[in-house]
Amino acid sequence: MNWVALRVTPDSNRDGVIAALFEAGSQGIHEDGATVVTHFLADAHLDDIRNAVMSADPGADIAIAEATETDYSQWRASVSSHQVGSLVVAPPWLAHESDPRRTIIVDPAMAFGTGEHASTRGVMRLMQGVIRSGDLVADLGAGSAVLSIAAAKLGASQVTAIEIDHDAIGNAEENVIANNVRGIVNIIEGDAASLLPLLAPVRVVLANIISSVLVPLLPTMRTSLTKDGQAILAGILCEEREAMVRALDADGWTIEREDTEDVWWSVQIAPR
């Protein structure tokens with residue numbers, strides 16, 4: 001596959017730029033001084049990505065170039081496992097180092113390891129106090145299916161991973177197979193707002209998406225839960241917390257627990 005490297009030097013809204021990149025489909029970024037660096041497939045809609053970044057920070061400087069070839073062996077040596085509570089997210093070549101019952105194997109192609117992002121870890125920490133044996137779970141915006149696999153490892157009996165991005169489906173299916181949870185985790189391509197009501201009632205909803213997508217989904221999530229159901233939301237910048245708290249209150253939710261890492265806020269909620 002051919003990739004392009006996107007280098008963005010924010011002017012006044014670094015957090016907004018990072019959020020815009022993730023919304024546009026980035027699965028991982030790294031910081032090179034003041035510059036934020038990420039990669040996209042060469043056939044990505046680069047004009048749309050550029051417009052999203054400029055909307056977040058009109059003064060940002062954007063440079064796009066063909067990604068240089070990477071020494072795969074050197075890159076592979078730099079990838080590590082991530083301990084998140086009792087769970088471990090590991091690339092296939094390190095998975096043998098931890099208990100398979102608590103290890104989530106994700107192949108971090110092009111170093112976009114899903115466990116690298118703070119919002120993923122936030123959900124994983126919160127869900128370890130939520131998922132119960134036999135639970136029905138819906139994972140909205142599932143991406144690589146890392147959270148769906150985590151739910152299965154925590155005892156869920158059925159997990160539906162909903163992802164609208166066609167390009168992510170193959171990777172999600174491969175990860176499900178690698179983790180031996182094919183009979184528990186089902187991948188569905190489509191829009192969460194349309195599909196979630198068809199799955200109802202579920203006891204847990206996981207949604208690691210940006211706040212502008214989460215807020216319109218709140219009523220659908222609430223009506224799709226069982227009476228004792230809960231949801232875990234992530235992909236929310238800390239600076240957006242107050243606005244999200246107001247939206248949750250207006251839609252009839254109670255905040256149960258919160259998690260903060262870096263600039264990202266995750267929250268466990270239940271209907272009032």
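Put the Cα centre of region 170-216 next to the Cα centre of region 4-32 and the gap is 25 Å. Spin-label pair Glu256-Asp107: with each label point 7 Å from Cα along the Cα-Cβ axis, the two points sit 3.5 nm from one another. Extension gain for the segment Asp43 to His30, taken as residue separation times 0.36 nm less the Cα-Cα distance, is 2.5 nm to one decimal. Between Arg132 and Asp61, the modelled labels are 5.5 nm apart [label points 7 Å from Cα along Cα→Cβ].
In terms of other Cβ atoms within 10 Å, Ile188, Ile105, Ile269 run from fewest to most in the order Ile188, Ile105, Ile269.
Its Cα centre serving as origin, the chain has a Cβ charge dipole (Lys and Arg +1, Asp and Glu -1) of approximately 1260 debye.
Would you mind classifying the chain by shape? Square roots of the alpha carbon gyration tensor eigenvalues, ordered a ≥ b ≥ c; an a/c under 1.5 is rounded, otherwise it is prolate if a/b is larger than b/c and oblate if not. Walk me through the numbers on the way to the answer.
Working: a/c = 1.76, a/b = 1.21, b/c = 1.45.
Oblate, because a/c is 1.5 or more while a/b does not exceed b/c.
For Asp99 and Ser12, calculate 0.36 nm times their separation in residues minus their Cα-Cα distance, and state this gained length in nm to one decimal. If you can, show how the numbers build up before the last one.
Numbers: separation 87, 0.36 × 87 = 31.32 nm, distance 4.41 nm.
Separation in residues times 0.36 nm, less the Cα-Cα distance, equals 26.9 nm.
Report summary: the helix-based calculation at 222 nm, which adds -39500 (n - 2.57) for every DSSP H run with n ≥ 4 and divides by the residues of the chain, gives -10000 deg cm²/dmol. With a Förster radius of 41 Å applied to the beta-carbon distance between Ala178 and Thr226, the computed FRET efficiency rounds to 0.85. Counted residue by residue at 0.36 nm each, then reduced by the alpha carbon distance between them, the extension gain from Ser194 to Arg246 reaches 16.3 nm.
Here, each number is a calculation from the coordinates, and none is a lab measurement. No experiment lies behind these values; they were computed from the predicted model shown. In this analysis, Cβ positions are derived from the backbone assuming ideal geometry, glycine residues included, and neighbour counts consider all displayed protein chains.
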